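The values are calculated or read from the model by the stated rules, or taken from the named source; none is laboratory data. Given the structure is predicted, the values throughout are model-derived calculations rather than measurements. Every residue, glycine as well, gets a Cβ built from its backbone with ideal geometry; the counts of neighbours run over all protein chains shown. These accessible areas exclude ligands, DNA and RNA; they are computed on the full protein's heavy atoms, side chains included. Shrake-Rupley method; radii C 1.70, N 1.55, O 1.52, S 1.80 Å.
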Amino acid sequence: MMMVELPVIDLEPYLLATGRDVTSSSSARHNATVLDLDIQQHKDISEVCERVASCLREAGALVVRDPRCSFQDNDRFLDMMERYFGQTAEFKRQQERPHLHYQVGVTPEGVELPRCIVDKSLQEQIQELPEKSRPHMPLGPDAKWRYMWRVGPRPKKTSFKELNAEPVVPDGFPDWIEVMNGWGTKMIAAVEVVAEMAAIGFGIPQFAFTSLMSQGPHLLAPTGSDLSKYSEERSIFAGYHYDLNFLSIHGKSRFPGLFIWLRSGEKISVNVPFGCLLVQAGKQLEWLTGGECVAGMHEVVVTKGTQEAVEVAKKARQSLWRVSSTVFGHIASDAILQPLGKFANTPYAYKYPPTRAGEYVESELAAIKLKTKGYGD
């Protein structure tokens, strides 16, 4: 296992070429009509788009810099979530919504099962990895809390109401809606730009992915892991898993511990540079590309680096909650997942039959125990 610096892609040239506002004060998403990129006129940007596609294909991840997503925004969000996760379990459970598959509100620690516990194919995949690249094997549910906050508009009519439910606002946090909507909207805007650039890089229409994302059940989904309670080295906060959505994006955490696996099977420790965002491929992207891209595997565990950061935080009397600044970008629940365009001809396209995105998501939620019988069945 090694520390690898993933390529950093600056989104600003593409933003300018497609007529977007690049200031961090902008609402980021709906401030202007997005222009088609003239590939002949912007060959340099087209080459960057090819790099984006290559990163998603070969590594399942890349790092981006989006001038609309400032480190001050990330810090404000982390500060509020540290305060929230620091509340009592009794207080936090008031925001728990198991009947909505935990897709809004809080998910307590000890609820979500890592995919590797319930998926035999993943267990076989782990055994095939070199010992130095194998993940830490969890024995039970994740020791992390999570808060799900919906981002962006939802469809007025949908067959998947539980996946498009109204948000839950905890008492005592007057800035909650402003902070959550502000950061979530900017992060989804960055995902949309990466999706457009990836489409161009793959040689399919610029809006092939984002047209399917419209009114998707996007979620700002920070995790909270209590390092005052779980600080032993190798403690697992998020067991080896992939993300079920289209693209995931993360701001920089205040505590290290994230590991990802390249398509080659190599395990790497991720260090997100200051002011940047990590983007990872999810299962819906794998579906739409007929397996050309594979959902990136990852885990979060306590390392010596985590413990060192804990000691620094203790001396500064700062929070010991490890908060992830995570957003899940989704394909719309009623849209059809199937290999797009040329991806219908990939060798593994037959593994990805036409399926409504909402049906796929519900099957994944059931597997990891977030959707249970009696709740929506």
Checklist entry - Could you say which residue among V106, V48 is modelled with pLDDT of 95 or more and not in a helix (DSSP H, G or I)? => result V106
Next on the checklist: Looking only at segment 325-377, how many residues end up being in a strand (DSSP E or B), basic (K, R) and either at pLDDT below 95 or closer than 30 Å to D75 by Cβ (or both)?
Outcome noted: 0
Next on the checklist: Within segment 264-272, does at least one residue satisfy the condition of being at pLDDT below 95, on the phi > 0 side of the Ramachandran plot and open to solvent by 20 Å² or more (accessible area, probe 1.4 Å)?
Outcome noted: no
Checklist entry - So which of T346, T326 is open to solvent by 10 Å² or more (accessible area, probe 1.4 Å) and either of a type outside the set (A, V, I, L, M) or within 18 Å of G282 (Cβ to Cβ) (or both)? => result T346
Next on the checklist: If the requirement is being charged (D, E, K, R) and either within 19 Å of K283 (Cβ to Cβ) or open to solvent by less than 30 Å² (accessible area, probe 1.4 Å) (or both), which of these qualifies: K132, K92?
Outcome noted: K92
Checklist entry - Mind checking which pairs have a first residue in segment 138-151 that is in contact (Cβ under 8 Å) with a residue 12 or more places away in the chain and in a loop (DSSP other than H, G, I, E, B) and a second that is of a type in the set (F, W, Y) and crowded, with 24+ Cβ neighbours inside 10 Å, Cβ under 6 Å, 6 or more apart or different chains? => result A143/F237; K144/F237
Item to check | Cβ pairs under 8 Å, 6+ apart, first in segment 72-91 and within 16 Å of M180 (Cβ to Cβ), second surrounded by 14 or more Cβ atoms within 10 Å (Cβ to Cβ) and among the basic types (K, R) | outcome: D73/K186; N74/K252; L78/R254; Y84/K92; F85/K92
Item to check | Which listed residue, of P170, P174, is part of a loop (DSSP other than H, G, I, E, B), farther than 26 Å from R51 by Cα and free of Cβ contacts under 8 Å to residues at least 60 places away in the same chain | outcome: P174
Checklist outcome for this item: The residue that is nearest to the chain's Cα centre (by Cα), considering only those in segment 207-220 that are farther than 13 Å from D334 by Cα and surrounded by fewer than 23 Cβ atoms within 10 Å (Cβ to Cβ), is T210
Item to check | Flag if S27 is among the hydroxyl-bearing types (S, T, Y), modelled with pLDDT of 85 or more and surrounded by fewer than 18 Cβ atoms within 10 Å (Cβ to Cβ) | outcome: no
Checklist outcome for this item: Taking segment 40-88 and keeping only residues that are of a type in the set (D, E, K, R) and farther than 26 Å from A198 by Cα, one is left with D75, R76, D79, E82, R83
Item to check | All positions within segment 152-167 that are touching a residue at least 60 places away in the same chain (Cβ under 8 Å), assigned to a loop (DSSP other than H, G, I, E, B), closer than 24 Å to G182 by Cα and of a type outside the set (G, A, S) | outcome: P153, R154, P155, E166, P167
Checklist entry - Would you pick out the residues in segment 221-242 that are open to solvent by less than 10 Å² (accessible area, probe 1.4 Å) and assigned to a loop (DSSP other than H, G, I, E, B)? => result A221, P222, L227
Checklist entry - How many residues does segment 148-205 contain that are farther than 25 Å from R83 by Cβ, open to solvent by 30 Å² or more (accessible area, probe 1.4 Å) and modelled with pLDDT of 95 or more? => result 3
Checklist entry - modelled with pLDDT of 95 or more and touching a Lys or Arg at 6+ places or on another chain (Cβ under 7 Å) - does that describe any residue in segment 83-103? => result no
Checklist outcome for this item: Taking first residues from segment 342-359 that are of a type in the set (D, E, K, R) and second residues anywhere that are open to solvent by 30 Å² or more (accessible area, probe 1.4 Å), the pairs with Cβ under 8 Å that are 6 or more apart or on different chains are K342/G203; R356/S159; R356/D334; R356/I336
Item to check | Residue ranges of strands (runs of 3 or more DSSP E) in segment 251-324 with at least 1 members of a type in the set (K, R) and under 19 Å from M81 (Cβ atoms) | outcome: 321-323
